[in-house]
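Below is one structure, written out as structure tokens; comments come after it.
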Amino acid sequence: MKKKILTDKEKEFKKLKRFVQKRAPGARTIIESDGTYSLIDTQGEYVINNSLMLPSAPTIRKAWEYAKYSLWYSNMIQKSNAAFCEEKIYKKLIKESGGE
């Protein structure tokens, strides 16, 4: 049996899919009614966060790239919100002012 040698583009796409599927297990490509592509997970939810307002993906590869960016940005926003939540800031202010 011959082992298939992947091109650089194929390797990149495989890495991209692995990144997305690790964060959205069962992610797969669907074709929308307007001919663009999107990704959904096993529950049928869109992988791409609509609040980021990414354009419609004209190709399958672009859909996976947009999903990667969406997941990455959503994670960064979530981390930032956790770091700056009111409760943490309040506790820090109390500690700095000599209380508790």
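Readers should treat all values here as calculations from the given coordinates under stated rules, not as data from a laboratory. As the structure is a computational prediction, the values presented were derived from the model and not from experiment. Cβ placement follows ideal geometry from the backbone for every residue including glycine, while neighbour counts extend to all protein chains displayed.
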Item to check | Set of aspartates and glutamates with alpha-carbon distance to LYS9 below 16 Å, sequence-local pairs under 8 removed | outcome: GLU65
Checklist outcome for this item: Note to self, the chain gives a 222 nm [θ] from helices alone (DSSP H runs n ≥ 4, -39500 (n - 2.57) apiece, / all residues, nearest 500) of -17000 deg cm²/dmol
Next on the checklist: Give me the net charge for the shell around MET76: Cβ to Cβ below 14 angstrom, other residues only, Lys and Arg +1, Asp and Glu -1.
Outcome noted: +3
Item to check | Cα-based equivalent ellipsoid of the chain: semi-axis lengths in Å, sorted from largest, via gyration tensor | outcome: 39, 18, 11
Checklist outcome for this item: So the FRET efficiency between GLU45 and LYS14, C-beta based with R0 = 25 Å and rounded to 0.05, is 0.60
Checklist outcome for this item: Of segment 1-24, those with amide N under 19 Å from the point 7 Å along the Cα→Cβ vector of TRP72 are 8-24
